[in-house]
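> Handing you this structure, nothing more for now.
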Amino acid sequence: MSASTLVSPSGTGVELRGRRLSKWAPLGIAVLALVLAAVVVYGTGIGGWVLVVVLGAVFYLAALYLVARNVEGQRAANNRTWSALIHSAFVLAVLPLSSVVWTLVSKGVARLDGDFFGTSMNNIGARDANGGAYHAIIGTLEQVGIATLITVPLGVAGAIYIVEYGRGRFANTIRFFVDVMTGIPSIVAGLFILAFWVLIVSPHFSADGRPGYSGFAAALALSVLMLPTIVRSTEEMLRLVPAPLREGSYALGIPKWKTILKIVLPTALPGIVTGIMLAVARAAGETAPVLLVAGGTAAINFNPFENNQSSLSLFVYGQATEAGRYSPDRAWTAALTLVALVLVLTIAAKLLARRSQISR
């Protein structure tokens, strides 16, 4: 144990001493708690190492509280216990993420080669070790790109109307329906585009008058899923822009539309980009809408407006459910590629938003 020395507020030089735990005491308590948990678990045969960790954490918190209360007092014991709980919650949050990243990297590197990124699954059988996801990568880029081009202007414009112009019942109605759309399952969005675009609209654009699957239909379904996320995130970011910025601009005689364009949007741009990238990440990982309205294909299709088209998420689903020796490796590598693609797009968007942000 160690003692802390404090000088009294009056400056008389009177020393106030209080006992404190040594900086190594929590570590020693943690080791003893794990040892005790291992003895209990393995001695009784009721579980494995996971139960040892959980029971050790319980023993550690209880022992830390009792020791700190005995040495430092009630308030210090409460502070140490809650600090330990917060750190434990952080570890519990990081462990699943670390496990996912490690699993993706360790299993996804098996097919990180030129053949995987340069070929499709056309004419590839279950016993063929070759074949790649080139067609799925092209499909994902085109579908998500078209969906982003459609959704970002609509979502940002809708959020600007709600925050800057919308008043009364109409704005509340828009906000209500955006909230409702946020909880729509992806399969419902796919069914909506299937019933509206594929079965009703697309026959008017085909030579034989038949409904046709396409990557553009998948992009429309992804737009339905992306729109509420972009609207809500942009709305919250616009509300965080300080009112004095707007008022200063109005005081200088700048019109409202130019204030929004030159002041409000650049200030909120980093948060808006974050919301857009969350929507893009969700769209890139959707499988059901693409399966319903794009159909999927093993061949390369560069034209998103005609014929079936695949995507990385659909490719992962197909390879994961296929009873082939080499299919799991393709599925893991495609999943790693999808995560890496979203990560690269997010970093690029963040860098672009940082350069576009107004100087402070």
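The values are calculated or read from the model by the stated rules, or taken from the named source; none is laboratory data. In this text the structure is predicted, and so the values were computed from the model without any measurement. Cβ atoms come from the backbone with ideal geometry, glycine included; neighbour counts cover every protein chain shown. The protein model used for the area step is the full one, side chains on, heavy atoms only, and it has no ligands, DNA or RNA in it. Shrake-Rupley method; radii C 1.70, N 1.55, O 1.52, S 1.80 Å.
> Please report the equivalent ellipsoid semi-axes of the range 17-80, computed as sqrt(5 x eigenvalue) of the Cα gyration tensor, largest first, in whole Å.
Working through the eigenvalues yields semi-axes of 27, 10, 8 Å.
> Which value at 222 nm does the chain reach when only helices count, each DSSP H run of 4 or more adding -39,500 (n - 2.57), with the total divided by all residues and rounded to the nearest 500 deg cm²/dmol?
Taking each H run of at least 4 residues, the total per residue is -22000 deg cm²/dmol.
> Stick to the Cα atoms of the range 205-259, pair each with every other, and give me the Kirkwood hydrodynamic radius in Å at one decimal. Present the calculation step by step, with values, prior to reporting the outcome.
Details: mean 1/r = 0.0661 Å⁻¹.
Taking every pair of different Cα atoms in the range 205-259, averaging 1/r and inverting gives 15.1 Å.
> Given an 8 Å cut-off on Cα distances and at least 6 residues of separation, report the relative contact order of the chain as a percent. Show your work: numbers first, answer last.
On the way: 479 pairs, mean separation 67.7, N = 360.
Once normalised by length, the contact order is 19 percent.
> Give the accessible surface of the chain per residue, rounded to a whole number of Å², with probe radius 1.4 Å and ligands, DNA and RNA excluded. Let's see the in-between values first.
Numbers: 20570 Å² over 360 residues.
Using a 1.4 Å probe on heavy atoms only, each residue of the chain averages 57 Å².
> Enumerate the helices in the chain for which the Kyte-Doolittle hydropathy averages -0.5 or more and the C-alpha atoms extend at least 24 Å along the helix's axis, using complete DSSP H runs. Before the final figure, lay out the partial values.
Values: long enough: 25-44 (28 Å, 2.27); 49-71 (32 Å, 2.02); 74-108 (51 Å, 0.59); 134-160 (38 Å, 1.37); 215-239 (35 Å, 0.99); 265-284 (27 Å, 1.49); 327-356 (43 Å, 0.97).
Helices passing the filter in the chain: 25-44, 49-71, 74-108, 134-160, 215-239, 265-284, 327-356.
> Between Ser83 and Ala320, how high is the FRET efficiency from 1/(1 + (r/R0)^6) when r is the Cβ-Cβ distance and R₀ = 51 Å? Nearest 0.05.
The value I calculate is 0.75.
> For the chain, give the percent of accessible area contributed by carbon and sulfur heavy atoms, probe 1.4 Å, rounded to a whole number.
Details: 14040 of 20570 Å².
Percent of accessible area from carbon and sulfur atoms in the chain: 68.
> Taking Cα centroids, how far is the range 230-258 from the range 282-360 in Å?
Cα centroid of the range 230-258 versus Cα centroid of the range 282-360: 35 Å apart.
> Let me ask something else. Return the long-range amide H neighbours of Arg20 (sequence gap of 5 or more, or a different chain), with a cut-off of under 5 Å between placed amide H atoms.
Residues meeting the criterion, in which the H sits 1.01 Å from N, are Ser2, Ala3, Ser4.
> At what distance in nm do the modelled label points of Arg20 and Arg210 sit from each other, each positioned 7 Å from its Cα along Cα→Cβ?
Result for the modelled spin labels: 7.9 nm.
> Viscosity 0.890 mPa s, temperature 25 °C: what is the translational diffusion coefficient of the range 202-304 from Stokes-Einstein with a Kirkwood Rh over Cα pairs, rounded to a whole number of µm²/s?
147
> Computed FRET efficiency, Cβ-Cβ of Glu164 and Ala129, R0 56 Å: what is it to the nearest 0.05?
Numbers: r = 57 Å, r/R0 = 1.02.
It comes to 0.45.
> Given labels modelled 7 Å from the Cα in the Cβ direction, how far is it in nm from Val180 to Phe302?
About 4.3 nm separates the two model spin labels.
> Just to be sure I follow the definition: excluding the sites themselves, where is the longest run in the chain that has none of the chymotrypsin sites (Phe, Trp or Tyr not before Pro) in a DSSP loop with at most 16 other Cβ atoms within 10 Å?
25-301
> Here's another thing I want to ask about it. Once the range 59-168 is represented by equal point scatterers at the alpha-carbon sites, with solvent omitted, what log10 I(q)/I(0) does the Debye formula produce at q = 0.10, 0.13, 0.18, 0.20 Å⁻¹?
-0.73, -0.81, -0.99, -1.07
> When the convex hull of the C-alpha atoms of the chain is computed, what volume per residue in Å³ does it have? Provide the component values of the computation, followed by the final result.
Values: hull volume 93.6 nm³, N = 360.
Taking only Cα atoms, the chain has a hull volume of 260 Å³ per residue.
> Treating cross-link reach as a plain straight distance, find the aspartates and glutamates whose alpha-carbon is under 19 Å from the alpha-carbon of Lys350, omitting any fewer than eight places away in the same chain.
Here the aspartates and glutamates satisfying the reach criterion relative to Lys350 are Glu235, Glu236.
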